[in-house]
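A short worksheet on the structure shown next.
The values are calculated or read from the model by the stated rules, or taken from the named source; none is laboratory data. What you see is a predicted model; the values in this text were computed from it and never measured. All Cβ positions, glycine included, derive from the backbone under ideal geometry; neighbour counts span all protein chains shown.
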Amino acid sequence: MRVRARGFSFAMAVAIALGFGFAGLAWAQDDEGPMSNVRFVVVRDSDGKPVKNAQVVLHPVKRKGKQGQGEMELKTDADGKASVDGVPYGALRVQVLAPRFQTFGEDYEVNKPSFEITVKLKHPGGQYSVYENHEGDKKPQ
């Protein structure tokens, strides 16, 4: 009885893990309407070199700009590229995160069978300090 219980619980754990894994992709597997192959190219804004291992997060967008259920996460390769097939036409919110870069976020309207998005990541800007000398700045009156 103990061997069966262990085998059953392992099978249930695998089934649950697969179920949760596919639930996040449910929005991309919708058979209603046309689908697109979306490709991403992530580069540095300063010199155009690729950003590897950048995290690209995709969210469906519902009416009135509200974020829909489900998300998909991708990682860029050594050439700064990532892609996904089966994205339904419509609004798509894209966020790109990478260490030592500002977070990027923008909404796109996916409306072609093949859609490419190029993201130029910027390095963080400097902090403004009231303790530094700002002689060239205009003072408010």
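Worth a mention:
- Residue within segment 121-136 that is within 27 Å of residue 35 (Cα to Cα), surrounded by 13 or more Cβ atoms within 10 Å (Cβ to Cβ), touching a Phe, Trp or Tyr at 6+ places or on another chain (Cβ under 9 Å) and in contact (Cβ under 8 Å) with a residue 12 or more places away in the chain present: no
- For segment 75-113, the tally of residues that are touching a His at 6+ places or on another chain (Cβ under 8 Å) and farther than 23 Å from residue 45 by Cα stands at 0.
- Entry remark, segment 63-78: residues being more than 17 Å from residue 106 (Cβ to Cβ) and at pLDDT 85 or above number 3 in total.
- When residues in segment 108-120 are screened for being surrounded by fewer than 13 Cβ atoms within 10 Å (Cβ to Cβ), over 17 Å from residue 55 (Cα atoms) and of a type outside the set (Gly, Ala, Ser), 4 of them pass.
- Scan segment 95-139 for residues that are in contact with a strand residue (DSSP E or B) (Cβ under 6 Å, 6 or more places away or on another chain) and either β-branched (Val, Ile, Thr) or at positive phi (or both) and the total you get is 6.
- Qualifying residue in segment 68-80 (condition: touching a residue at least 12 places away in the same chain (Cβ under 8 Å), outside any loop (DSSP other than H, G, I, E, B), under 10 Å from the mean Cα position of the chain (by Cα) and over 15 Å from residue 37 (Cβ atoms)): yes
- Qualifying residue in segment 81-99 (condition: farther than 16 Å from residue 115 by Cα and touching a Pro at 6+ places or on another chain (Cβ under 9 Å)): no
- Candidates 86, 65, 105 - the one that is loosely packed, with under 12 Cβ neighbours inside 10 Å and of a type outside the set (Phe, Trp, Tyr): 65
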